[in-house]
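To keep things clear, I will list the structure first and then write my remarks on it.
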Amino acid sequence: MTIQTDVETAVLPAERAARAATRFGEKVRVDDEGAWVVEAASLPEVARALRDDFALDYLINLTCVDWPDRFETVYHMASIQGGPPLCLKVAADKAKPIVPSLTGVFAGADFQEREVYDMFGVRFAGHPNLRRILMWEGFAGYPLRKDWREAYYEDDNKPLKSRWPEGDFFFGEDKIADWDDNIKYPSGYQAEGVESSRADDNIVVLDADELHRAPSGSERLIVNMGPQHPSTHGVFQMRLTLDGETVVDLQPVMGYMHRNHEKIGERNLWLGNMPFTDRLDYLAQLGNEWGYALTVEKLMGLEVPERAEYIRVILAELNRIQSHFWSITFLLNDIGAFFTPMMYAIEERELILDLFEMATGSRLMCNYMRFGGLAYDLPEEFLTMAQTLVDDRLERAIDEMDAYLSGNEIVLERMQGVGVLPPDMAINFSTSGPVLRASGVPYDVRRAEPYGVYDRFDWDVVTRPEGDVFARYMVRVGEMRQSLRILKQALRDLPGGEIMGGKKAWQIRVPAGQAYGRVENPRGELGFYCVSDGKANPYRYHVKSPCFVNLTALAEMTKGHKVADTVAILGSIDIVLGEVDR
Amino acid sequence: MAVMNPEANRGILQPQAILTPEQLAAGRTGESGIVVTSLEKAVGWARTRSMWPALFGLACCAIEMMHTQTARTDMSRYGMELMRASPRQSDLIIVAGRLSRKMAPVIRKIYDQMPEPKWVISMGDCASCGGVFNNYALVQGCDEVIPVDVYVAGCPPRPEALMHGILKLHEKVRAEGIDGWNDRGGGFGITVG
Ligand code: SF4
């Protein structure tokens, strides 16, 4: 498979739009923002044609907007060769929203469509398994619909007055109660309701006949791994159907950490969302902030000063290194090297977190980026410390890890040839980040649609052809080295000057419109889709989570492997539940 | 008994709990190899010296919890490096992160599976009171489903803050006697951080 990564040679959607408009005739209308409004019935046909004839073969985002008069499902499709995405929109009826499913064209649409169904109640005709994914089966209502009011918490006067409308609060210290009173429920909360609906979702009742129908004649077994399991990287559940010890089927069950980030995002002020993005993928805080800042800057048409762009690069790359340290050693945890490599990795991570704390005031929840720049400049000592760390310490630490771990016989035995994902499938499943690149596809947003000042640095996109667990591990090790390369250049070239563009304003005004911004996070392409109606808070705020979409391919990768391998495969996808469940 | 110098170890090993300073000064330990103490104190001491936490992390706070186990803060100094993946082998559950309504029955089950005596630390603002996420999907504080001994404030609490919480819990455990853990100190937890 030959793939071009040169942006110049990739055909841009603007040119494609002209050619394509004639071909689809009545079925497609191009709106003033360049998005295609597609007739619902012809969506699969149009998508297939775009994929096959116009090289838009990579579905990067799928979501929905609840307008007063219609639901609008939104699709972003890009070319795996690079270039900006094309936006497709399909209108659905308010009372009975049904849209054809894209799962037949893009396997990666699976979970994203389920999410839209869960949150908006839009049905996707032809979806093989249209069930709730984040909330539990049996939950009433569709939380992201505009007319859905949160029971108990939500008030009409959003966004600031919703918590204690009656002003009736107490301090925990004042409360003296006995053992029983220590357990309290909000009024109207039904613990039994939660129990029973959970049971609906998680206990599968199979009849004996079906269990015995396994091809080998052996008994099929359903095993629940998680949500409390040492290897699930958080509260994530895998429901495995086993034949002996071989995995026949795998169903991910998620949502155990769902707090509806998007709903909170829609009632927050624009800037108020910034600290919340830290809490998405908490191993890649600054990457998340950058993604959100980038999107809103697109909407507002802001220029970011050069110094701020460089500082963003420096922090994002440091972030990538600490995150990859965490993920490769967690993968080793999963295959049995319990906690020893971790100890070494966290030692380096602590040093990077120190730098974060120095620059932003916090180790994890940085809240550092602003629309148009940064909250404050770097302290003086930062640069010398960062320089020493980059020049003297991290490189050695990475080499050391690599030398001790990558050649280890057990590591090779457990990782090589396990969980293979071929390149065409990796693209079709919309995977991104190291998972995609380990399948030999050199797709990296920093190259495909460069943001910030990434086009000024000299670095390589790391790929591996094998597509197995080991390849994903090696891609991460390679990426840490590339990050160091970028860091060296960025630290060398860091210019002086302002860190905040535009003029200071108390209120942030975001003009009406919509934007999709994306960044290459350690776990893959993180996208933000924001719609503004010119008011103080976003009308629609959607996060396209790379981990969530990468999980779509999990079942495919694990089939035919042993139970123990699923643990390694999940570890190699490297999920962070804060972002999967949002 | 490794405790020879009460001053050097003050606040960490708490030799006073086992021997009176006079006994120590008289060098009784070294001579006879016999230590006299009350059963209550011995039990309290034993419980705090190897309190195994459940290997259970929910969200961002879990990252700091894992940092607490590693070289810089080093929880293993207190015999706590052994995070148990099975609740049936753990004495302590650190609720590290936001607790969703979907997860609430699960955490209750995990708590119920832990053998008694057992303790709970609610780590971070989310676990303690819902934190920044005030909405329908989250339980506004894990004390709605399980009783909490120590609340550690912070979003996330630094590893040092969690350590402070753990030491507070140790203090509490030492003070509460053999079956005092059932009392929960009058029903409300300690807040630190
Ligand atoms: S308290 Fe803060 S750091 Fe901890 S889980 Fe909640 S949001 Fe994350």
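The values are calculated or read from the model by the stated rules, or taken from the named source; none is laboratory data. Quick caveat: nothing in here was measured; it's all calculated off a predicted structure. So basically every Cβ, Gly included, is an ideal-geometry build from the backbone, and we count neighbours across all protein chains shown.
Evaluating A:Glu266 against the criteria (1) of a type in the set (D, E, K, R); (2) out of contact with any Gly (no Cβ under 8 Å at 6 or more places or on another chain); (3) over 19 Å from B:Gly131 (Cα atoms) leaves one unmet condition, (3). Scanning segment B:52-97 for residues that are surrounded by 21 or more Cβ atoms within 10 Å (Cβ to Cβ), within 9 Å of chain A (Cβ to nearest Cβ) and among the acidic types (Asp, Glu) turns up just one, B:Glu64.
Kindly establish whether A:Asp424 is charged (D, E, K, R) and closer than 30 Å to A:Asp493 by Cβ. Show your work before the answer.
Numbers: charged (D, E, K, R): yes; closer than 30 Å to A:Asp493 by Cβ: no.
So A:Asp424 fails the test.
Scanning segment B:48-62 turns up one or more residues that are in a helix (DSSP H, G or I) and either more than 16 Å from B:Pro159 (Cα to Cα) or away from the ligand (no atom under 16 Å from the Cβ) (or both).
The set of residues in segment B:98-129 being within 15 Å of the ligand (Cβ to nearest atom), more than 9 Å from every other protein chain (Cβ to nearest Cβ) and in contact with a strand residue (DSSP E or B) (Cβ under 6 Å, 6 or more places away or on another chain) consists of B:Ile121, B:Ser122, B:Met123, B:Ala127. With a requirement of 2 or more residues that are modelled with pLDDT under 60, the helices (runs of 4 or more DSSP H) lying completely within segment A:177-290 that satisfy it span A:191-202, A:208-212.
Here A:Pro275 clears all of (1) within 14 Å of chain B (Cβ to nearest Cβ); (2) surrounded by fewer than 22 Cβ atoms within 10 Å (Cβ to Cβ); (3) touching an Asp or Glu at 6+ places or on another chain (Cβ under 7 Å) except the condition numbered (3).
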